[in-house]
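The values are calculated or read from the model by the stated rules, or taken from the named source; none is laboratory data. Computed from a predicted structure; not experimentally measured. Glycine also receives a Cβ, built like all others from the backbone with ideal geometry; neighbour counts cover every protein chain displayed. Only protein heavy atoms, including side chains, enter the accessible area calculation; ligands, DNA and RNA are left aside. Shrake-Rupley method; radii C 1.70, N 1.55, O 1.52, S 1.80 Å.
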Amino acid sequence: MSHSDNIRKVPDGQRALVLQGGGSLGAYEAGAYQAIYERFSKIDREKGDHNKPLLNIVAGTSIGAINAAIIVSYVTENNTWDGSAERLNEFWEYVSKESSFDLMPGVKAWCDNIRLRAYVILLAATGMRAVEALSIRIKDINFDSNPATLFVRGEFTKTKTDRTIFLTKEVTQQLKSWLDYKYRSRRVCHKDKQNGKLRTEYRTPNMMHTDLVFAVYQDSNKPNPDFLYDDFSKSFCRTLDRSGRGDKEDGNQRRRKITLHSFRRFVKTTISDLGYADFSEWFLGHSGSLDKKGLRKSRNISQD
């Protein structure tokens with residue numbers, strides 16, 4: 001096929017890019033978009049269509065909608081397609097970090113408690129509110145999907161809206177490690193009610209699908225995540241003190257500079273500093289930031 005035939009295959013009318021869902025396809029789509037960007041840009045230059053938009057429609061579903069939102073947001077903010085592929089690749093380089101500890105030096109040494117460690121890593125990777133993370137039940141986590149997903153019940157969110165969160169491999173592993181430990185067989189000593197003698201036996205707790213993930217003792221009638229917050233907050237403060245990071249705020253000695261809520265601010269700042277302020281709002285579950293398709297309502301790209 002000749003070079004001129006290749007040129008004719010690029011539509012002269014409007015072009016549309018539709019990105020499908022499936023978390024594991026997100027990074028692949030970033031690479032595919034870069035190839036599309038490079039090819040279309042080259043052909044348009046050869047045709048002399050310097051002012052022609054690269055794409056007239058960009059849409060997607062699930063992870064595809066996130067990729068589409070990043071592309072559209074960059075183009076509308078910068079009024080150019082140049083650099084949009086690099087911006088999308090930067091995003092995937094960020095979410096593909098080997099460890100959230102890479103972003104927060106010293107956190108790894110803080111969390112020697114496996115329960116607190118799993119909780120803190122979940123907060124640092126997802127930006128969930130403290131009580132939101134404590135409200136998750138066994139049945140809210142889907143370890144079988146790729147990537148694993150976490151369902152957040154609207155009744156425990158500020159916006160009262162359900163949402164689903166994708167989990168990194170690191171968070172998934174930490175949650176599995178904690179649950180394996182929580183429901184492990186352990187030796188229990190107790191007094192026999194009939195003869196009054198001490199008995200030692202191994203018991204394995206029953207895992208109920210309604211159990212709160214981070215609760216050690218369950219209230220089978222109505223587990224309350226608010227009761228867990230005080231326990232985790234005190235444990236986190238003790239950990240900060242041991243690590244030498246328990247400084248108090250200037251002018252307010254009752255409040256520490258680092259709290260469990262600091263991880264949400266950390267996620268917001270990290271994503272925003274990469275140029276994805278709009279996406280950070282959606283990522284954290286804020287209302288009114290993106291429409292139902294995951295795209296901010298904005299002017300027609302083809303007119304910019």
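Please label the shape of segment 111-156 as rounded, prolate or oblate, based on the square roots a ≥ b ≥ c of the eigenvalues of the alpha-carbon gyration tensor (a/c under 1.5 means rounded; beyond that, a/b larger than b/c means prolate, else oblate).
oblate
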> Which value, in Å² rounded to 10, gives the accessible area of W282 with a 1.4 Å probe and all protein chains present?
Replying inline: 90
> For segment 76-89, what does the Karplus curve 6.51 cos²θ - 1.76 cosθ + 1.60, with θ = phi - 60°, yield as ³J(HN,Hα) per residue in whole Hz, taken in order and with x for Gly and Pro?
Replying inline: 5, 6, 10, 6, 7, 8, 4, x, 5, 5, 5, 5, 5, 5
>> I'd like to compare 141-154, 237-250: which one has the highest average count of other Cβ atoms within 10 Å, and what's the full order after that?
In response: 141-154, 237-250
>> Rounded to the nearest 10 Å², what accessible area does I258 have for a 1.4 Å probe in the complete protein model?
In response: 50
> Tell me, what is the percent relative contact order of segment 175-215, built from C-alpha pairs under 8 Å that lie six or more residues apart?
Replying inline: 36
>> Using the Karplus curve 6.51 cos²θ - 1.76 cosθ + 1.60 with θ = phi - 60°, what ³J(HN,Hα) values do you get for each residue of segment 30-47, in whole Hz, with x for Gly and Pro?
In response: 4, x, 5, 5, 4, 5, 5, 4, 5, 5, 5, 4, 5, 5, 5, 5, 5, 7
> Considering only protein heavy atoms, what is the solvent-accessible area of E90 at a probe of 1.4 Å, reported in Å² to the nearest 10?
Replying inline: 80
> Under 5 Å between amide H atoms, partner at least 5 residues away or on a different chain: which partners does L19 have, H built in plane at 1.01 Å?
Replying inline: A59, G60, T61
> So what is the relative contact order for segment 244-288, in percent, with contacts set as C-alpha pairs under 8 Å and at least six apart?
Replying inline: 22
> Using θ = phi - 60° and the Karplus form 6.51 cos²θ - 1.76 cosθ + 1.60, what ³J(HN,Hα) does each residue of segment 188-196 get, whole Hz, x for Gly and Pro?
Replying inline: 10, 9, 8, 8, 5, 5, 7, 10, x
> Label-point separation (nm) for Y202 and E155, each offset 7 Å from Cα along Cα-to-Cβ?
Replying inline: 3.8
> Hey, could you pull the Cα Rg and Dmax for segment 167-270, both in Å?
Replying inline: 19.2, 62
> Given the alpha-carbon gyration tensor of segment 32-95, what are the semi-axes of its equivalent ellipsoid in whole angstrom, ordered largest first, with each equal to the square root of 5 times an eigenvalue?
Replying inline: 21, 12, 11
> Counting only residues 5 or more places away or on other chains, whose amide H sits under 5 Å from the amide H of R137 once H atoms are built in the peptide plane?
Replying inline: V213
